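I'd like to ask some things about the structure below.
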Amino acid sequence: MARMTYADAVRHALAEEMRRDKRVWALGEDLSTAHGNSSANQYTGLIDEFGSKRIVNTPISESTIMGAAVGAAVAGTRPVADLRMIDFGLCAIDELVNQAAKIRYMFGGQARVPLVVREAIGLKAGMAAQHTQSYEAWFAHVPGLVVVTPATPADGRGLLKASIRCDDPVVFMEHKDLWGLEGDIDLDDEGLVPIGKAKTLRAGIDLTIVAWSRMTHVSMLAADELAKQNVSTEVIDLRTIYPWDQQAVLASVEKTGRLLVVQESVLAGGFANEIAAEIAQQLHWKLHAPVARLGAPRIPVGYAPALEAEHRVEAAKIVQEGLRLVKASKT
Amino acid sequence: MPNPDTERILALYRTMHLIRTFEERVGVEMQKGNIYGSAHQSTGQEAVATGVVSQLRKTDYLFSNHRGHGHALAKGANPFAMWKELFGRAGGTCGGKGGSMHIADFSVGMLGANGIVADGATMAVGAAQAIRLLGEDRIVVAFIGDGTINRGPFSEALNWAKVYELPVLFVIEDNVYASTTLTKTVMAGQGVVARATAFGVPAINVDGNDVIAVSDVAATVVADVRASKGPRLLHATTYRVRGHLALDKMFYRDKKEIDDFMVHHEPIGKCRRWLTDHGTSASACDTIANEISATIERAVAEALAAPQPDARLAYTDVQDRGAPVWHG
Ligand SMILES: Cc1ncc(C[n+]2csc(CCOP(=O)(O)OP(=O)(O)O)c2C)c(N)n1
Ligand SMILES: [Mg+2]
């Protein structure tokens, strides 16, 4: 067992995959120069081991980073493109949505696009409106794309490895505020985490909370508090946004009869809606209470702490909503 | 012997000092944990903002980038309000909504720092179209980093500005680095002047550590742009003394580089030598520095004492139709 941060675990996974498969390479801004730089240690040392053909420091050219990854994937390699955060990834949506996601289908299956694009999401203190966005739901909307959102170091490692081995284009969304989170990693184990498989973090019988990325941690805190108030909560970390693990959520809600979906991003148009609608549609007659959702109000992220706080879904809010669901129940 | 230029150079000296003192204090307040988010300092680059903006009018438009404190101060933004913005307090330039990376003061034509590089270049083109449409007497200046010229939208903006002969001055503030990357390692060709020239945009190099040179060259190019001769590009070479962000361990460069710059190229010392060589006393220069230190001291103290913005403000200025509602 090794103790590792989320950023270290993901870097470790990239190195493992690069050792395993010579076709795997990475491209992005500052990849070979950011030795030890605080926010960028996801690549520390990789240039030394793999050289500049496989760790490619790019100009500030987001469209071409993404476009080049698509071209390189079509041409027989397995690129990992790093756009740093989705806010910069917005400069390269076209290449991802119009090209990466469509090429296999449009061309009648003649080509595959086995690329991974890293675009971190999430609130980080004081990063304001253009460095905090979470658009996992946008990509879930695009046929052809896989979307993963790991919440722990082990899942970061296991899901990156699975994403690199996946023949579909995968949008790999780390959470900026989790990069420093520590966890145990069994380096003797391959540690692969299957795409599309949720993880039950805590078993319960009264209420199911479904969350992903940073909100799984906040939901676990809320579940502790709910337990003190005699509500037994099951917490499911979705881990993959698309394809999401319907079976796991259905099985849990069939047992508890109550579902609360918690997301960090703006609720309107968010992925929580998809889960809520699907479960409501399939389990309507078995539910003890209407399906509930929590997410951010439809406002940009403000800079000052008092403004930023309005965007955060805190554990207290989840507890309140969980209690409301239990009290509002028909049985 | 008094030089007729002394008043003008003293004003440049004062502005550079204001920027330097502001930026160095940013580092101090960052270390203390008083700045909530991150901040990019422009220490060492003061001559570029100061020299260029010295040729602008308050009514001219300025689009900045992520390293925008100097641009804002030179354009006349209020340092008291800027400190409140950095600390995320009520009364900040943006009411605490933006922070360092989104400092803006539309009342002085400072149309915003920016978290996304190169977007200022394309917006400058649009602002110039608007000026033409409205028949106004203004020009637009966009400050762009050396690393940013490799983004496609920058080339698109150059081409477009030339096609329509728009009143835009592109200023490339070349501080050698882009984050942790030496820009020259990821840039093909003969540099940004050659690129602009290829688009037919007249472009010129200037020593961005010599505020008098920047101001003089800016006088010419700004006059050309104002006279509707079309876009111009100014490539000012300088150096980033501090980290990319205020908290940056800087493993990617040799400290000797910084020392060398401070000894041989640092712009404020250079300007001060000009002043003292041309009849200004050392104590007159010191007085300016002291006045500015006192101003920044007061601005920081006042900002630290200011309250947080009301949480309800988070829900204002989002949109008119479908405006969000505060539930408390
Ligand atoms: C579109 C986009 N890509 C990447 C970034 C991240 N980023 C912020 S500043 C910067 C480097 C910019 O370098 P340069 O243009 O030379 O300006 P400097 O920081 O040196 O002032 C990068 C890559 C960004 N803000 N926007
Ligand atoms: Mg630069």
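Coordinate-derived values only; no laboratory data. All figures in this text were calculated on a predicted structure; none of them were measured in a lab. Methodologically, a virtual Cβ is constructed for each residue, glycine included, from the backbone with ideal geometry; neighbour enumeration extends over all protein chains shown.
Could you check the spin-label model distance between residue B:28 and residue B:320? Points 7 Å from the Cα along Cα→Cβ, value in nm.
4.6
So in the protein assembly as shown, what percent of DSSP beta bridges are antiparallel if you round to the nearest 5?
20
Quick check on the exposure proxy: order A:135, A:105, A:303 from fewest to most C-beta atoms within 10 angstrom.
Arranged by neighbour count, lowest to highest, A:135, A:105, A:303 become A:105, A:135, A:303.
Assign one of three labels to the range A:147-199, namely rounded, prolate or oblate, based on the Cα gyration tensor with a ≥ b ≥ c the square roots of its eigenvalues; rounded applies when a/c is under 1.5, prolate when it is not and a/b is larger than b/c, and oblate otherwise.
Judged from the Cα gyration tensor, the range A:147-199 comes out oblate (a/c at least 1.5, b/c at or above a/b).
Give me B:265, B:327 sorted ascending by neighbouring Cβ count inside 10 Å, so fewest comes first.
B:327, B:265
Using θ = phi - 60° and the Karplus form 6.51 cos²θ - 1.76 cosθ + 1.60, what ³J(HN,Hα) does each residue of the range B:38-55 get, whole Hz, x for Gly and Pro?
Here the 3J(HN,Hα) series is 10, 8, 10, 9, 10, 3, x, 9, 4, 5, 6, 4, 5, x, 5, 5, 4, 9 Hz.
I'd like to know which of B:213, B:186, B:235 lies farthest towards the positive end of the charge dipole of chain B, counting +1 on Cβ of Lys and Arg and -1 on Cβ of Asp and Glu.
The Cα lying farthest towards the positive end belongs to B:186.
Whose amide H sits under 5 Å from the amide H of residue A:258, counting only residues 5 or more places off or on another chain, with H placed in the peptide plane?
Under 5 Å from the amide H of residue A:258: A:208, A:288.
Just tell me how shielded A:304-315 is by partners: mean number of partner chain Cβ atoms within 10 Å of each residue's Cβ, no decimals.
Partner-chain Cβ atoms within 10 Å, mean over residues of A:304-315: 6.
Write out the chymotrypsin sites (Phe, Trp or Tyr not before Pro) in the range B:123-205 meeting two conditions: DSSP loop, and at most 15 other Cβ atoms within 10 Å of their Cβ.
Here the sparse-neighbourhood loop sites are B:164.
Taking the Cβ of residue B:76 as the center, what net charge do the other residues with Cβ under 13 Å away carry, scoring Lys and Arg +1 and Asp and Glu -1?
Charge balance near residue B:76 sits at +2.
Of the listed peptides B:79-91, A:287-299, what is their order by residue-averaged count of other C-beta atoms within 10 Å, with the highest listed first?
Per-residue Cβ counts within 10 Å, averaged per peptide and sorted highest first, yield B:79-91, A:287-299.
Among DSSP bridges having both ends in chain A, what percentage is antiparallel? Round to the nearest 5.
The antiparallel proportion sits near 20 percent.
Further question: Considering every pair of different Cα atoms, what Kirkwood radius, in Å, is found for the range A:79-237?
Final number for the Kirkwood radius of the range A:79-237 is 16.9 Å.
In bins 10 Å wide, starting from 0, what share of all Cα pairs of the range A:272-331 does each bin hold, as a percent?
For the range A:272-331, the pair-distance distribution reads 20, 38, 28, 12, 2.
Say R0 is 30 Å: what FRET efficiency, to the nearest 0.05, do residue A:254 and residue A:323 get from their beta-carbon distance?
Between residue A:254 and residue A:323 the formula returns 0.85.
Next question. So how strong a dipole does the range A:199-328 carry about its Cα centre when Lys and Arg Cβ are +1 and Asp and Glu Cβ are -1, to the nearest 20 debye?
It works out to roughly 180 debye.
Can you list, bin by bin at 10 Å, the percent of alpha carbon pairs in the protein assembly as shown, starting at 0?
Bin by bin from 0 Å, the calculated values are 3, 15, 23, 24, 19, 10, 5, 1, 0, 0.
Once the Cα atoms of the range A:178-223 are picked out, what are the Rg and Dmax in Å?
Computed over the Cα atoms of the range A:178-223, radius of gyration and Dmax are 13.0, 38 Å.
Related question: In nm, give the distance between the simple-model label positions of residue A:15 and residue A:205, each being 7 Å from the Cα along the Cα-to-Cβ direction.
Each label point lies 7 Å from its Cα, and together they span 4.7 nm.
How much length, in nm to one decimal, is gained on full extension between residue A:1 and residue A:283, taken as 0.36 nm per residue of separation minus their Cα-Cα distance?
Answer, rounded to one decimal: 97.4 nm.
Express in % the proportion of alpha carbon pairs of chain A at distances exceeding 32 Å.
28
Shifting gears a bit: Between A:318, A:279, A:65, find the one with the highest GNM mean-square fluctuation for chain A; connect C-alpha pairs within less than 10 Å.
Per the Cα network of chain A with a 10 Å cutoff, A:279 tops the list.
Let me ask something additional. Considering only DSSP beta bridges with both partners in the range B:4-305, what is the antiparallel share in %, to the nearest 5?
Once the DSSP bridges in the range B:4-305 are tallied, antiparallel ones form about 10 percent.
For residue A:83, what is the net charge nearby, where nearby means another residue's Cβ is under 11 Å from its Cβ and Lys, Arg count +1, Asp, Glu -1?
Net charge around residue A:83: -4.
Among A:99, A:7, A:132, whose Cα sits farthest toward the positive end of the charge dipole of the range A:2-185 (+1 at Cβ of Lys/Arg, -1 at Cβ of Asp/Glu, about the Cα centre)?
Highest projection toward the positive end goes to A:99.
Still on this structure, please answer the following. In units of 2.2 N^0.38 Å, what is the alpha-carbon radius of gyration of the range A:199-328?
That ratio works out to 0.99.
Apply the Karplus curve 6.51 cos²θ - 1.76 cosθ + 1.60, θ = phi - 60°, to the phi angles in the range A:118-128 and return the couplings in whole Hz, x for Gly and Pro.
For the range A:118-128, the Karplus-derived couplings read 8, 9, 5, 10, x, 6, 9, 3, x, 8, 6 Hz, x marking Gly and Pro.
Kindly write out, for the range A:216-226 in residue order, the coupling ³J(HN,Hα) from the Karplus curve 6.51 cos²θ - 1.76 cosθ + 1.60 (θ = phi - 60°), rounded to whole Hz, with x marking Gly and Pro.
Once θ is set to phi - 60°, the couplings for the range A:216-226 become 5, 5, 5, 5, 5, 4, 5, 5, 4, 5, 4 Hz.
Using a simple charge model, +1 on the beta-carbon of Lys and Arg, -1 on the beta-carbon of Asp and Glu, nothing else, what dipole does the protein assembly as shown show about its Cα centre, in debye to the nearest 20?
For this selection, approximately 880 debye.
Another question, then. Can you sort A:179, B:274, A:285 by how many other beta carbons sit within 10 Å, fewest first?
A:285, B:274, A:179
For the range B:4-305, evaluate the Debye formula with one uniform point scatterer on each Cα (no solvent term) and list log10 I(q)/I(0) at q = 0.08, 0.15 Å⁻¹, rounded to two decimals.
Normalising to I(0) and taking log10 leaves -0.32, -1.19.
Now for a different question. Over the Cα atoms of the range A:1-147, each weighted equally, I'd like the Debye log10 I(q)/I(0) at q = 0.08, 0.12 Å⁻¹, rounded to two decimals.
So the normalised log intensities work out to -0.22, -0.51.
I would also like to ask the following. What does the charge count around residue A:3 come to, taking other residues whose C-beta lies under 14 Å from its C-beta (Lys +1, Arg +1, Asp -1, Glu -1)?
Surrounding charge for residue A:3 is -3.
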